[in-house]
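Notes to accompany the following structure.
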């Protein structure tokens, strides 16, 4: 028996059109097909796919489960950007006359239509060793209490629902499929930052391996597409900062970051002429002499001496010293892109969309006046 999506009392119906990429991995055949359905005005993209599957084409393949933005099963792309189908409302899109193109997530092998193979995703999550290592074999006799303040450090990372939307949009994974990726590294930070875990240095050494932390291109697409506000790029930045704090700085990316800080606090700007020898070593710098001379002839390399010192460089030094005095080196010194739960949208109050007041981890939100 086919399911029916009846309009809610007082609602109307809308005509929704989609173009869906149909794909058969066995034959390699790929076709963009258009579908049109009449649906209640409150439908999500997932509801529309259900209507298409129930009424027009039972062979359409996609994943779903909770329908409540919790399980992460229904990740896919709409017009080239990763979304959760159960979160994406169709009313405005349908009324505008736009016909969106629905396709499977990127950076993962396609099995059929909108279904991707998640095995590469899960293998990278497992590589993070996503379990607590308390540093002892037998559990303590007494319950260990962890404060809310300690847990706030990893609040955002703990919100991840493993949907893969961030992986779908990752530039680094597109160029290097072996890159650990934003979801896995965010999961890594969830354990590195956990006060109960005693394997942070071992973890950071693993995460600093080839294809690790420093291969991120900092495009921030993962932050933009994450439906839960995990902000994976922030987690990667925190892992980098923790690595340097713990002395795990063998990667060239870590050396670059360290020199950037040293240069900024001493002269107030980045001294490019010293960047290569400080990051890649003297031998590598000598090998690039010809290239450096070519830049110098075109005025692209400032003279190394005397070093240029920015005006009011003391302000840069004061900021560095203040961070140290406050104990904000490492992950605590990373400025977060957004508060993960800062703007939660609701659309259940008599059909009027409202925004919740800003919600901060560990702070009781104000209750709306009734």
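For the reader, a short list of remarks on this structure follows.
- Any pair with Cβ under 6 angstrom, 6 or more apart, that starts in the range 206-223 at a residue that is assigned by TED's automatic domain parsing to the domain that holds residue 176 and touching a residue at least 60 places away in the same chain (Cβ under 8 Å) and ends at one that is buried (at least 21 other Cβ atoms within 10 Å of the Cβ) and assigned to a loop (DSSP other than H, G, I, E, B): 223/231
- Residue match in the range 91-103 (condition: within 23 Å of residue 204 (Cα to Cα), buried (at least 20 other Cβ atoms within 10 Å of the Cβ) and under 22 Å from the mean Cα position of the chain (by Cα)): no
- Within the range 221-250, being part of a loop (DSSP other than H, G, I, E, B) and either closer than 18 Å to residue 331 by Cβ or more than 12 Å from the chain's Cα centre (by Cα) (or both) holds for 229, 230, 231, 246, 247, 248, 249, 250.
- Some residue of the range 337-351 being within 30 Å of residue 212 (Cβ to Cβ), modelled with pLDDT under 75, touching a helix residue (DSSP H, G or I) at 6+ places or on another chain (Cβ under 9 Å) and exposed (fewer than 15 other Cβ atoms within 10 Å of the Cβ): yes
- Looking only at the range 171-180, residues that are buried (at least 24 other Cβ atoms within 10 Å of the Cβ) and either in contact (Cβ under 8 Å) with a residue 60 or more places away in the chain or over 25 Å from residue 155 (Cα atoms) (or both) come to 1 in all.
- Spans of helices (runs of 4 or more DSSP H) in the range 106-181 with at least 1 residues in contact with a strand residue (DSSP E or B) (Cβ under 8 Å, 6 or more places away or on another chain) and either outside the structural domain of residue 234 (by TED's automatic domain parsing) or within 23 Å of residue 67 (Cβ to Cβ) (or both): 165-168
- One residue stands out in the range 264-280 among those that are touching a residue at least 40 places away in the same chain (Cβ under 8 Å) and in a loop (DSSP other than H, G, I, E, B): the one that is nearest to the chain's Cα centre (by Cα), namely 269.
- When the test is whether a residue is within 30 Å of the chain's Cα centre (by Cα), modelled with pLDDT of 95 or more and in the same structural domain as residue 100 (by TED's automatic domain parsing), residue 54 does not pass it.
- Out of 335, 305, 309, 323, sole residue that is within 26 Å of residue 156 (Cα to Cα) and in a loop (DSSP other than H, G, I, E, B): 335
- Selected residue [in a helix (DSSP H, G or I), modelled with pLDDT under 95 and not assigned by TED's automatic domain parsing to the domain that holds residue 323] from 261, 283: 283
- Residues of the range 202-220 satisfying the condition of being modelled with pLDDT of 95 or more and either closer than 15 Å to residue 238 by Cβ or crowded, with 19+ Cβ neighbours inside 10 Å (or both): 203, 204, 207, 208, 212, 213, 214, 215, 216
- Residue within the range 86-97 that is over 24 Å from residue 164 (Cα atoms), touching a strand residue (DSSP E or B) at 6+ places or on another chain (Cβ under 6 Å) and touching a residue at least 12 places away in the same chain (Cβ under 8 Å) present: yes
The values are calculated or read from the model by the stated rules, or taken from the named source; none is laboratory data. Owing to the predicted nature of the structure, the values given are computational and were not obtained by experimental measurement. Positions of Cβ are generated from backbone atoms using ideal geometry, with glycine treated the same way; all protein chains shown enter the neighbour counts.
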